Amino acid sequence: MFGSKSNDPIVQARSKENNIHIVFVHPVEFLVTGPDGGIQQNTLLGKNLLVTNDQRDGDQDQRRICYYELLVRQTKREPSKK
């Protein structure tokens, strides 16, 4: 279960409901949604969830690393009271 018909609408809805970015990582999908629920990055890595030992380092094995620069607002923390 992955892609625009399965996980994407669910992740988009949670982003919008909570007004946050969500970075969703799946064996064949990398998805980043914004606080408005919009898709900011979506990378699909093939159609199969499993790469067998025979397929390693071949066309089926994309060995992909996905990056997304997500700026996070830092908040000032109050010192804890002991």
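Only the coordinates and a few stated rules stand behind these numbers; no lab work does. In this text, all values refer to a predicted model and were calculated from it rather than measured experimentally. As a convention, Cβ positions derive from the backbone with ideal geometry for all residues, glycine included, and neighbour counts pool all protein chains shown.
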Mind telling me which of the residues Gly58, Gly46 ends up being among the small types (Gly, Ala, Ser), over 19 Å from the mean Cα position of the chain (by Cα) and farther than 15 Å from His21 by Cβ?
Gly58
Could you look through region 61-82, keep only residues that are among the basic types (Lys, Arg) and over 15 Å from the mean Cα position of the chain (by Cα), and pick out the one that is nearest to Lys16 (Cα to Cα)?
Arg73
When region 1-34 is checked residue by residue, the ones that are surrounded by 13 or more Cβ atoms within 10 Å (Cβ to Cβ), of a type outside the set (S, T, N, Q) and assigned to a loop (DSSP other than H, G, I, E, B) are Phe2, Gly3, His21, Val28, Gly34
